[in-house]
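K.L.:
The structure follows.
The values are calculated or read from the model by the stated rules, or taken from the named source; none is laboratory data. What you are looking at is a predicted structure, and each value in this text was computed from that prediction instead of being measured. With ideal geometry, Cβ positions are generated from the backbone for all residues, glycine too; neighbour counts draw on all protein chains shown.
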There are 2 protein chains.
Amino acid sequence: MSGKANAIVAQSGGPTAVINSSACGVIQEAMKSDKIDKVFGATNGILGVLQEELFDISAESVEAIDALKRTPAAAIGSCRYKLKSLEESRADYERILEVFKSHDIHYFFYAGGNDSMDTADKVNKLAADTGYDLVCMGVPKTVDNDLAFTDHCPGYGSVAKYVACCAAEAGKDTEALYTRDTCTILEVMGRNAGWIAAAAGLAAVSEEDAPHLIYMPETNFTFEKLVADVKEVYKRLGRVFIVAGEGLRDKDGNYITAATGEFAKDSFGHVQLGGVGEILNAVIEKEVGIKARFNKLGTNQRCAMHFASLTDVNEAYMCGQEAVKAAMAGENGVPVFMRFDRKPLEKKLAKYL
Amino acid sequence: MSGKANAIVAQSGGPTAVINSSACGVIQEAMKSDKIDKVFGATNGILGVLQEELFDISAESVEAIDALKRTPAAAIGSCRYKLKSLEESRADYERILEVFKSHDIHYFFYAGGNDSMDTADKVNKLAADTGYDLVCMGVPKTVDNDLAFTDHCPGYGSVAKYVACCAAEAGKDTEALYTRDTCTILEVMGRNAGWIAAAAGLAAVSEEDAPHLIYMPETNFTFEKLVADVKEVYKRLGRVFIVAGEGLRDKDGNYITAATGEFAKDSFGHVQLGGVGEILNAVIEKEVGIKARFNKLGTNQRCAMHFASLTDVNEAYMCGQEAVKAAMAGENGVPVFMRFDRKPLEKKLAKYL
């Protein structure tokens with residue numbers, strides 16, 4: 001590019017506590033560059049591009065842009081809209097480039113998960129094929145911590161800290177009232193990855209501390225093992241605190257929320273409906289005979305800015321900054337990665353594995 | 001009483017973020033008095049007294065006692081054990097006095113809700129009837145904020161702050177992803193009282209902010225109204241954030257979780273099971289035709305010390321202190337109350353009423 005061009009920043013997929021911190025990093029860094037004029041925001045991710053719903057986010061006040069760093073969820077707006085392959089959805093990709101052209105956009109910063117990285121990659125390829133000058137940079141984002149290449153993902157640290165605290169606090173609640181509410185199940189996010197569930201163990205200091213059991217989607221979950229585990233902990237401590245990922249699956253890879261066997265039926269023979277927390281709750285009450293209850297933090301866990309990790313906020317911001325710095329240095333089509341030593345974390349959580 | 005006597009402190013009912021702050025106030029104030037020797041803790045409330053499971057809590061380190069002020073749940077242990085009338089459960093009441101006598105306990109500080117205040121009152125009456133020197137003082141505690149006489153209850157301020165923050169944060173999440181996850185339901189505690197649900201509106205600044213709808217147990221809930229309300233908000237904003245108390249009831253006073261009418265059935269004609277969040281979720285998806293999800297904070301809301309209200313912590317501590325001060329000043333059988341101006345709060349929440 002010669003002279004100044006415009007940039008666009010978009011957010012995709014499930015919000016996190018810090019995806020706005022990344023956007024802030026992109027915007028503030030881009031506004032420093034003499035190659036970039038305006039920075040547009042795309043309302044609701046790639047949908048906003050397709051529908052040409054853009055706004056000049058660099059025209060917002062300095063204070064408003066800075067406040068993004070500590071605002072949860074996705075302030076520019078997110079979406080779940082998966083573009084298919086270039087062959088199948090060529091019209092969509094061409095539309096994206098058309099909108100970019102009409103707004104003189106030559107830098108595309110896309111914060112999202114694996115699908116968003118893939119979308120940015122395909123837009124980039126079509127631009128190259130058609131001779132349109134475009135730099136596409138991915139900014140990693142997901143609470144699930146399951147992105148390729150990067151050691152960990154912005155968004156994960158905050159949900160990990162929050163969930164660990166929630167397990168410790170609700171664990172004390174269960175300990176206080178175990179004579180009545182003997183078993184608590186904390187259902188957490190992570191449909192295919194157990195990172196969030198695993199993090200719930202981070203605040204445990206002794207063997208008596210919650211959580212006593214953690215079930216992750218990667219393990220082969222069976223109701224038989226659940227019942228045996230709960231009985232063992234109950235016998236030892238008189239109370240049980242369980243953390244369960246929302247995506248628990250049986251050995252055949254089927255979600256237990258779609259289970260049809262004997263354990264999936266209540267005492268009237270009706271199939272148990274509901275999420276993992278509810279099903280575990282029902283099976284434990286029926287098979288172990290102790291009173292159980294479940295907490296489902298839901299979207300509150302991924303947007304808990306009130307207890308966000310400052311490290312996570314800062315890393316997310318830096319990922320946004322680095323995407324712009326790399327683009328200005330001539331890189332293209334490379335998502336930002338982070339490197340890190342995982343060993344201390346693995347050691348801490350070994351007892352649950 | 002002439003000379004020194006021992007005191008006992010017990011906790012009852014559902015834990016809160018600050019019931020330990022009250023215990024701390026009792027213990028630290030009692031240890032200042034020259035009328036009190038040891039302060040016993042009763043493991044798991046009145047159950048601990050009945051089973052003579054007491055321990056000398058005043059023998060704990062100064063640091064450990066002080067840490068109670070910022071420790072959630074009930075560190076001494078709580079229970080849900082309702083003593084019946086003096087006539088029906090005389091043996092239990094006599095057992096309590098017997099245990100008190102054998103440990104030279106003449107001061108009984110009981111932190112709890114209406115039932116606990118009642119228990120303390122009955123123990124007090126029997127002591128008076130049988131000529132045993134006993135001072136019983138109630139320390140108010142409940143997240144539900146439904147205790148008689150006191151303006152508000154220690155425990156409520158913290159859950160109110162937490163739930164308001166959760167509604168604001170999850171509301172931003174819904175706003176970010178409304179193109180897909182259009183409706184969010186936040187189920188909160190309060191089986192018979194809507195104070196916690198109402199508090200979820202405290203962080204809303206504009207009409208567009210979550211929560212858009214709040215349903216409390218005191219209102220006559222109908223599914224027809226729910227569907228009409230959701231349609232109206234959806235038409236106006238394109239998204240809907242609902243806060244619902246766990247104890248919603250229909251006009252006949254029946255819990256909607258036990259509903260049997262047309263709205264209570266899924267599209268296969270099966271009766272919806274589960275809590276309020278789950279039922280509202282199913283009815284909205286079926287009748288309004290938008291995707292909904294629900295968060296159930298469960299016990300996490302009542303023990304969220306990580307976001308407790310400092311005012312609440314301090315008030316809870318002072319209630320504990322005042323109970324001891326009043327006992328030392330010769331009062332007996334009077335629970336501690338708080339007075340407060342409710343008008344600003346009522347004004348803030350008027351739009352939901």
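K.L.:
For region B:143-176, how many residues are part of a loop (DSSP other than H, G, I, E, B) and in contact with a Leu (Cβ under 8 Å, 6 or more places away or on another chain)? Talk me through it step by step, then tell me what you get.
P.N.:
If we filter region B:143-176 for residues that are part of a loop (DSSP other than H, G, I, E, B), which is where we start, we get B:143-155.
Going one step further and asking which of them are in contact with a Leu (Cβ under 8 Å, 6 or more places away or on another chain), we end up with B:153.
Going through region B:143-176 one residue at a time, the tally reaches 1.
K.L.:
Here's a follow-up. Does A:A170 satisfy the criteria of being more than 27 Å from B:R180 (Cβ to Cβ) and buried (at least 24 other Cβ atoms within 10 Å of the Cβ)?
P.N.:
On the way: more than 27 Å from B:R180 (Cβ to Cβ): yes; buried (at least 24 other Cβ atoms within 10 Å of the Cβ): yes.
Here the answer is yes, as A:A170 does meet what is asked.
K.L.:
On to the next question. Looking only at region B:110-142, which residues are in contact (Cβ under 8 Å) with a residue 40 or more places away in the chain and in a helix (DSSP H, G or I)?
P.N.:
Those that are in contact (Cβ under 8 Å) with a residue 40 or more places away in the chain and in a helix (DSSP H, G or I): B:D115, B:S116, B:M117, B:T119, B:A120, B:D121, B:N124, B:L126.
K.L.:
Considering region A:47-69 alone, what residues qualify as being in a helix (DSSP H, G or I), out of contact with any helix residue (DSSP H, G or I) (no Cβ under 6 Å at 6 or more places or on another chain) and within 12 Å of another protein chain (Cβ to nearest Cβ)?
P.N.:
Matches in region A:47-69: A:L47, A:G48.
K.L.:
Determine whether region B:132-146 contains at least one residue that is of a type in the set (F, W, Y) and within 30 Å of B:N300 (Cβ to Cβ).
P.N.:
We begin by selecting, within region B:132-146, every residue of a type in the set (F, W, Y); these are B:132.
Those left that are additionally within 30 Å of B:N300 (Cβ to Cβ): none.
No, there is no match, as no residue in region B:132-146 is of a type in the set (F, W, Y) and within 30 Å of B:N300 (Cβ to Cβ).
K.L.:
Now for a separate question. Within region A:136-151, can you find the residues that are surrounded by fewer than 24 Cβ atoms within 10 Å (Cβ to Cβ) and out of contact with any Pro (no Cβ under 9 Å at 6 or more places or on another chain)?
P.N.:
A:N145, A:D146, A:D151
K.L.:
Please state which of the following conditions B:A198 fails to meet, knowing it meets all the rest: (1) within 21 Å of B:Y317 (Cα to Cα); (2) more than 14 Å from every other protein chain (Cβ to nearest Cβ); (3) buried (at least 24 other Cβ atoms within 10 Å of the Cβ); (4) out of contact with any Asp or Glu (no Cβ under 6 Å at 6 or more places or on another chain).
P.N.:
Of the numbered conditions (1) within 21 Å of B:Y317 (Cα to Cα); (2) more than 14 Å from every other protein chain (Cβ to nearest Cβ); (3) buried (at least 24 other Cβ atoms within 10 Å of the Cβ); (4) out of contact with any Asp or Glu (no Cβ under 6 Å at 6 or more places or on another chain), the odd one out for B:A198 is (1).
K.L.:
Just give me the residues in region A:24-49 being under 20 Å from B:D181 (Cβ atoms) and of a type outside the set (V, I, T), in sequence order. Spell out the reasoning first.
P.N.:
Going residue by residue through region A:24-49, those that are under 20 Å from B:D181 (Cβ atoms) are A:42-48.
Residues satisfying the conditions are A:A42, A:N44, A:G45, A:L47, A:G48.
K.L.:
Could you give me the residue pairs with C-beta distances under 9 Å whose first residue belongs to region B:301-313 and is without any contact (Cβ under 8 Å) to a residue 24 or more places away in the chain and in a helix (DSSP H, G or I), whose second residue is hydroxyl-bearing (S, T, Y) and buried (at least 20 other Cβ atoms within 10 Å of the Cβ) wherever it lies, and which are 6+ apart or on separate chains?
P.N.:
Once the first residue is without any contact (Cβ under 8 Å) to a residue 24 or more places away in the chain and in a helix (DSSP H, G or I) and sits in region B:301-313, its partners that are hydroxyl-bearing (S, T, Y) and buried (at least 20 other Cβ atoms within 10 Å of the Cβ) give B:H306/A:Y162; B:H306/B:Y162.
K.L.:
Which pairs turn up if I take residues in region B:204-232 that are surrounded by 19 or more Cβ atoms within 10 Å (Cβ to Cβ) and look for partners that are basic (K, R) and modelled with pLDDT under 95 with beta carbon separation below 7 Å, at least 6 apart in sequence or on another chain?
P.N.:
From region B:204-232, the pairs are B:P217/B:R191; B:P217/B:R249; B:F221/B:R249.
K.L.:
Here's a follow-up. In region B:152-170, which residue that is more than 16 Å from B:N300 (Cβ to Cβ) and touching a Pro at 6+ places or on another chain (Cβ under 8 Å) is modelled with the highest pLDDT?
P.N.:
Residue satisfying both the conditions and the ranking: B:P154.
K.L.:
Keeping to region A:228-256, report how many residues are in a strand (DSSP E or B) and at pLDDT below 95.
P.N.:
Our first condition is that a residue be in a strand (DSSP E or B); within region A:228-256, this holds for A:240-245, A:249, A:255.
Right, trim to at pLDDT below 95 and you get A:249, A:255.
Of the residues in that region, 2 qualify.
K.L.:
Now a separate question. Mind telling me which of the residues B:T184, B:T179 ends up being assigned to a strand (DSSP E or B), within 12 Å of chain A (Cβ to nearest Cβ) and over 25 Å from B:V313 (Cβ atoms)? Lay out the reasoning, then the answer.
P.N.:
Values: B:T179 fails: assigned to a strand (DSSP E or B).
Unique residue meeting the criteria: B:T184.
K.L.:
So, of the residues in region A:285-305 that are within 17 Å of A:G171 (Cα to Cα) and more than 9 Å from every other protein chain (Cβ to nearest Cβ), which turns out to be surrounded by the fewest Cβ atoms within 10 Å (Cβ to Cβ)?
P.N.:
A:K291
K.L.:
Quick one: in region A:166-176, of everything that is among the small types (G, A, S) and without any contact (Cβ under 8 Å) to a residue 60 or more places away in the chain, which residue is nearest to the other protein chains (Cβ to nearest Cβ)?
P.N.:
The first filter runs over region A:166-176 and keeps only residues among the small types (G, A, S), leaving A:167-168, A:170-171, A:176.
Remaining after also requiring without any contact (Cβ under 8 Å) to a residue 60 or more places away in the chain: A:168, A:176.
Numbers: A:A168: 9, A:A176: 4 Å.
Only one residue tops the list, namely A:A176.
K.L.:
A further question on this structure: Which one is surrounded by the fewest Cβ atoms within 10 Å (Cβ to Cβ), of the residues in region B:85-109 that are outside any helix (DSSP H, G or I), modelled with pLDDT under 95 and of a type outside the set (D, E)?
P.N.:
Just the residues of region B:85-109 that are outside any helix (DSSP H, G or I), to begin with: B:85-89, B:103-109.
Now drop any that are not modelled with pLDDT under 95, which leaves B:85-89.
From what's left, of a type outside the set (D, E): B:85-86, B:89.
Numbers: B:S85: 10, B:L86: 15, B:S89: 15.
Per the stated criteria, the residue is B:S85.
K.L.:
Next question. I'd like the residue in region B:1-36 that is farther than 24 Å from B:D312 by Cβ and in a loop (DSSP other than H, G, I, E, B) and, out of all such residues, is nearest to the other protein chains (Cβ to nearest Cβ). Before you say what the answer is, go through the steps one by one.
P.N.:
Our first condition is that a residue be farther than 24 Å from B:D312 by Cβ; within region B:1-36, this holds for B:1-8, B:33-36.
Filter once more, so that each one left must be in a loop (DSSP other than H, G, I, E, B): B:1-4, B:33-35.
Working: B:M1: 31, B:S2: 37, B:G3: 34, B:K4: 30, B:S33: 27, B:D34: 32, B:K35: 30 Å.
Once the filter is applied, the top-ranked residue is B:S33.
K.L.:
What do you reckon, is B:E52 more than 26 Å from A:T182 (Cα to Cα) and without any contact (Cβ under 8 Å) to a residue 60 or more places away in the chain? Give the derivation first.
P.N.:
Values: more than 26 Å from A:T182 (Cα to Cα): no; without any contact (Cβ under 8 Å) to a residue 60 or more places away in the chain: yes.
For B:E52, the condition - more than 26 Å from A:T182 (Cα to Cα) and without any contact (Cβ under 8 Å) to a residue 60 or more places away in the chain - is not met.
K.L.:
Also: Which one of these does B:Y162 not meet: (1) within 25 Å of B:K343 (Cβ to Cβ); (2) buried (at least 24 other Cβ atoms within 10 Å of the Cβ); (3) more than 9 Å from chain A (Cβ to nearest Cβ)?
P.N.:
So the condition that B:Y162 fails would be (3).
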